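Where a number appears in this text, it was derived from the coordinates with a stated rule and is not lab data. All figures in this text were calculated on a predicted structure; none of them were measured in a lab. Heads up, the Cβs are rebuilt from the backbone with ideal geometry, glycines too, and the neighbour counts pull from every protein chain shown.
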Amino acid sequence: MDIKIRIEKACKTFGEGSITALQEVCLDIGSNEFVTFVGASGCGKSTLLRCIAGLETLSSGSIKVDGTPISGPGVDRAMVFQHYSLYPWLTVMDNIKFTRQLQINLEDITSADVEAASGRADALIDLMGLNHVKNSYPNQLSGGMQQRVAIARALLPRPQILLMDEPFGALDAQTREVMHDMILHVSKLEKTTIVFVTHDVEEAIYLGQRVVVMAPRPGRIDSICPVNLPAQRNQDMKLSAEFMQQKKAILTRIRETAGVHTDLELLARMTKPADNN
């Protein structure tokens, strides 16, 4: 495997070391690989994603991209959040081209560079199925369309790595399925390494080539599950016995690492009617 991201003994603490968000996390992610992260709340998956993005610094350990340690945000990485963070005063096209416009204002950019960026934006508009709304404003779009704009904006500078933090969490089930197939299509065309954080185990299996299960208190990798599905995915796969079996195994692992069984047993004891005999 051609390693794109190498995470070595990554640790992250908050509150002067009183809270350990990540402990000894080690993982290699290959070029053009689609890796998904799942786990109970507080397991550190979003913190790890932010460290890869360069938005958080590790307390110890290292994260390297192509062998170079991450020291902050970079043009080789782009991040998509759950909330779309679009500029309401800009049209769809202008939102997508916004980061490039900043570069034009800050750097010596030629007219050829500007034309190339416009061509790239037009291609992404078509890829995302947004051509009919390219002159619309965010408040005129559905949630799914707004997230497509956010993804297109992230892809404009051709990042080598796309980091996605629960990007479809606010969407309804039908729109999520459309977005799943769309991001797989984008991944195939753009040949981008994608690291995807989600609470939805079904989503993690359907999208990922590997599912990384994280455990909380402290945040760490519990297990890594290869996804044995064909590269060409379709929604009917979610109904297969193999898919359901893997979903059950991962859910069981998450519940065990989060101590859910213990909590349920405690709740049952607390709510058990008193014995009158």
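Considering only 7, 118, 215, and ranking their Cα positions along the charge dipole of the chain that arises from unit charges at the beta-carbon of Lys, Arg, Asp and Glu, the one farthest toward the positive end is 215.
Could you put 239, 55, 189, 155 in order, starting from the residue whose Cβ has the fewest other Cβ atoms within 10 Å?
Working: 239 8, 55 14, 189 11, 155 23.
Listing 239, 55, 189, 155 from fewest to most nearby Cβ atoms yields 239, 189, 55, 155.
Based only on other Cβ atoms within 10 Å, what is the fewest-to-most ordering of 185, 132, 180? Walk me through the intermediate numbers first.
On the way: 185 13, 132 10, 180 19.
Ordered from fewest to most neighbouring Cβ atoms within 10 Å, 185, 132, 180 come out as 132, 185, 180.
Taken one residue at a time, the phi angles of the stretch 77-82 give Karplus couplings (6.51, -1.76, 1.60, θ = phi - 60°) of 10, 10, 10, 10, 9, 5 Hz. Gly and Pro are set to x.
Within a 10 angstrom radius of the beta carbon, how do 164, 93 rank from fewest other beta carbons to most?
Numbers: 164 26, 93 21.
Ascending number of Cβ neighbours within 10 Å: 93, 164.
If R0 is 51 Å, what FRET efficiency do you get for residue 118 and residue 268 from their C-beta distance, rounded to 0.05?
Working: r = 62 Å, r/R0 = 1.21.
So, using R0 = 51 Å, E works out to roughly 0.25.
So which trypsin sites (Lys or Arg not before Pro) in the stretch 119-222 are both in a DSSP loop and have at most 12 other Cβ atoms within 10 Å of their Cβ?
Numbers: sites: 120, 134, 148, 153, 176, 188, 191, 210, 220; in loops: 134, 191.
Answer by residue number: 191.
What FRET efficiency comes out for the pair residue 2/residue 137, r = Cβ-Cβ distance, R0 = 41 Å, nearest 0.05?
On the way: r = 42 Å, r/R0 = 1.01.
My answer for the efficiency is 0.50.
Please list, by residue number, every one of the GluC sites (Glu not before Pro) in the stretch 5-44 that is coil in DSSP and has at most 15 other beta-carbon atoms within 10 Å. Mind dumping the intermediate values first?
On the way: sites: 8, 16, 24, 33; in loops: 16, 33.
Within the stretch 5-44, the qualifying GluC sites (Glu not before Pro) (loop, at most 15 other Cβ atoms within 10 Å) are 16.
Rounded to the nearest 20, the Cβ-based charge dipole of the stretch 163-231 about its Cα centre (Lys and Arg +1, Asp and Glu -1) stands at 360 debye.
Select from the stretch 1-101 those chymotrypsin sites (Phe, Trp or Tyr not before Pro) which occupy a DSSP coil region and have at most 14 other Cβ atoms within 10 Å, ordered by residue number.
Working: sites: 14, 34, 37, 81, 84, 89, 98; in loops: 81, 84, 89.
Answer in residue order: 89.
For residue 194, the residues 5 or more places off, or on other chains, whose built amide H falls under 5 Å of its own are 33, 34, 35, 162.
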